[in-house]
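The values are calculated or read from the model by the stated rules, or taken from the named source; none is laboratory data. Computed from a predicted model, the values in this text were never measured in an experiment. All accessible areas refer to the heavy atoms of the entire protein, side chains included, with ligands and DNA or RNA removed. Shrake-Rupley method; radii C 1.70, N 1.55, O 1.52, S 1.80 Å.
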Amino acid sequence: MFCEDDLIPLSALQHYMVCPRQCALIHLEQQWVENTLTAQGKVMHERVHQNDRELRSGVLTTRSLAIRSLSLGLVGKADVVEFHQDESGGPGRPFPVEYKRGSPKAEPWDKVQLCAQGLCLEEMLSVAVPAGALFYGETRRRLDVPFDSQLRELTVDTARAVHEMIASGVTPPAEVRTLCRNCSLKGICLPEALAKSAGSYIRRSMSD
């Protein structure tokens, strides 16, 4: 179990899966730079969080819900959590919905962040949360995501990896990747320059 001071943001899991170095720059070195893409995402989330809650057709929708997991060491806010009432008239099963600016991805980055929200809700409310959804701004559609055993395991492993990286205090070395092109931290990370410097150092060492 983690204590309150050791909790990491839920978003760190998605950052880590996209790029461990990016995750370290943000969550270890506390560096952040806004660009057009991140600004658009910020505006989208602000719009989602405008209303706290509403009840419609038997579904209670809460926004910007504070969640955490002491077992995984995670803390954050869920964009939307829907509580669908069951036949018994109880409060209903939680269904988290995460909003993303872009479009669905082949990689499981967003699914892991969403699944982490589900695991937080399970721990907090002592109820099963079998699925959630990702809403993408470009397609304006929901993508339902079942929280199967494989995704749960990947989520737990990613949370553990992020905690280990932060505990080490070491920022991973830079790598030149296609994703670097749109990264808001490119000017801080300097992947091309650092990778080139590292390559030159290795070549000089081998020649010596």
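Listed values for segment 155-165 are Karplus-derived 3J(HN,Hα) couplings in whole Hz (6.51 cos²θ - 1.76 cosθ + 1.60, θ = phi - 60°), namely 5, 4, 5, 5, 4, 5, 5, 5, 4, 5, 5, and x replaces Gly and Pro. Could you tell me what % of all Cα pairs in segment 66-173 have separations over 20 Å? Value for segment 66-173: 43 percent of Cα pairs lie more than 20 Å apart.
Ordering 136, 16 by accessible surface, largest first, gives 16, 136; the 1.4 Å probe counts only protein heavy atoms, with every chain in place.
Per residue, the convex hull spanned by the Cα atoms of segment 113-153 measures out at 74 cubic angstrom. Ranking of 103, 168, 126 by solvent-accessible surface, largest first: 126, 168, 103 (1.4 Å probe, protein heavy atoms only, all chains present).
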